[in-house]
1. Compute the angle between helix 38-72 and the longest alpha-carbon principal axis of the chain, please, reported from 0 to 90 degrees and rounded to the nearest 10.
2. Rounded to the nearest 500 deg cm²/dmol, what is the calculated helix-only ellipticity per residue at 222 nm for the chain, with -39500 (n - 2.57) per DSSP H run of length n ≥ 4?
3. Describe numerically, in nm with one decimal, the distance between label points set 7 Å from Cα along Cα→Cβ at residue 25 and at residue 68.
4. As I understand it, the value is the acute angle between the Cα axis of helix 2-33 and the longest principal axis of the Cα atoms of the chain; what does it come to in degrees, rounded to 10?
5. Tell me the label only: which of (1) 82; (2) 93; (3) 225 is volume of the Cα convex hull per residue in Å³ as calculated from this structure?
């Protein structure tokens, strides 16, 4: 039963963090694009997407490294 409680707490923490980050990116994107031309707006969105892809790659690399390290022990 303890594991279920920890799992629920972990899941809720991740959900809240994700919601807050999505709100921050949404507000930041809206603020940066207010009054911008279409080209500038697309460039800003492109940068945000590249930012997300970079950190997704870093996250996957960290997980793979952790799995590789634990399997060697």
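1. 10 degrees
2. Rounded to the nearest 500, the figure is -33500 deg cm²/dmol.
3. 2.6 nm
4. Approximately 10 degrees, to the nearest ten.
5. Entry (1).
No lab work stands behind these numbers, since they all come straight from the coordinates. Every value quoted in this text rests on a predicted model; they were computed, and no experiment measured them. Note that we place each Cβ from the backbone using ideal geometry, even for glycine, and neighbour counts take in every protein chain shown.
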